[in-house]
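Below is one structure; the comments refer to it alone.
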Amino acid sequence: MTYDYQVALAVLAIIIGIAGYGIYYYDIFKGKTKPHPFSWFVWGLMNVIVFFAQDTSNAGAGEWPTALVAVACLSISFVALFKGERGITKLDWACFFAALVGIVLWRITDQPLLAVIIVTITDAIAYIPTYRKAFYKPQEETTVSYALAALRSVFAIAALDSFALVNWLFPASLVLTDGGFALMLYVRRRQLAKRIGQDTMSRNG
């Protein structure tokens, strides 16, 4: 049974999600952010799978943010084909195909929990191309969007009608991956800024 406070938390998660994706889209079209198409496409598929798994497990309002993420990720993956990262490496392809294998494994299982575990692992693998790109080019990602994504997942978990493992495992993993990625971007930007400052001082000295 879904209560009013759960609906409110789900709506709050959706608002945070829309804000985060809105900022991300703005940066894409400004040419500041360059999303990796592989990561966003797989993330979209994973959220579609998790949405249906949550729906069959009575997740209630907590599944609404998952639907938002699915639509947003798939749309960003499409935009990324034209305005995203162009430097696709062999590692990126390997991770992409590994993610596709994860989707096949999900398809052949009829156990919702096992499916969500597979999806959670696959989603993390799909992060590798974006992580690799952002480590060297942190300025091409929008830190606040990932921080908001982690916060969105916190409220999405709180909005769940059922706290079965199948419902909260995937959004909990997003708190860690999105939050950790935002932290990595912050640290890398500071490191690169410090290095540029030191190089400038060396040349002027």
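The values are calculated or read from the model by the stated rules, or taken from the named source; none is laboratory data. What you see is a predicted model; the values in this text were computed from it and never measured. Virtual Cβ from ideal backbone geometry, glycine too; neighbours counted across all protein chains shown. Please note that ligands, DNA and RNA were not included when accessible areas were found on the heavy atoms of the full protein model with its side chains. Shrake-Rupley method; radii C 1.70, N 1.55, O 1.52, S 1.80 Å.
So what's the convex hull volume per residue for the Cα atoms of the range 80-140, in Å³? Provide the component values of the computation, followed by the final result.
On the way: hull volume 5.4 nm³, N = 61.
About 89 Å³ per residue, rounded to a whole number.
Rounded, prolate or oblate: which fits the chain when a ≥ b ≥ c are the square roots of the eigenvalues of the alpha-carbon gyration tensor, with rounded for a/c under 1.5 and prolate only if a/b beats b/c? Kindly include the intermediate steps, with their values, before the conclusion.
Details: a/c = 2.26, a/b = 1.62, b/c = 1.40.
Here the chain falls in the prolate category.
Could you please report the charge total around ALA67, scoring K, R as +1 and D, E as -1 over all other residues with beta-carbon less than 13 angstrom from its beta-carbon? Please report the intermediate quantities before stating the final value.
Details: positive: ARG152; negative: ASP55, GLU63.
Neighbourhood net charge equals -1.
Take peptides 97-107, 118-128, 71-81 and line them up by average Cβ neighbours within 10 Å, highest first, as a rough protection proxy. If you can, show how the numbers build up before the last one.
Numbers: 97-107: 15.9, 118-128: 21.1, 71-81: 17.9.
With the highest mean Cβ count within 10 Å placed first, the list reads 118-128, 71-81, 97-107.
Sticking with the crude label model, points 7 Å out along Cα→Cβ, report the distance from LEU165 to VAL101 in nm, one decimal please.
According to this spin-label approximation, the distance is 2.3 nm.
Return one whole number: the accessible area per residue of the range 1-154 in Å², for a 1.4 Å probe. Walk me through the numbers before you get to the answer.
Working: 7290 Å² over 154 residues.
Computed with neighbouring chains in place, this is 47 Å² per residue.
Take the Cα coordinates of the range 1-70, assign each an equal point scatterer, and use the Debye formula without solvent to give log10 I(q)/I(0) at q = 0.16, 0.29 Å⁻¹.
Here log10 of I(q) over I(0) equals -0.65, -1.22.
Just to confirm the number: angle between the C-alpha axis of helix 112-136 and the first principal axis of the chain, 0 to 90 degrees, nearest 10?
10
Principal axes first, then extents: for the Cα atoms of the range 15-137, list largest minus smallest coordinate on each axis, whole Å, largest first.
41, 35, 21 Å, listed from the longest principal axis down.
Could you grab the relative contact order for the chain? Cα pairs under 8 Å, six or more apart, rounded to a whole percent.
32 percent.
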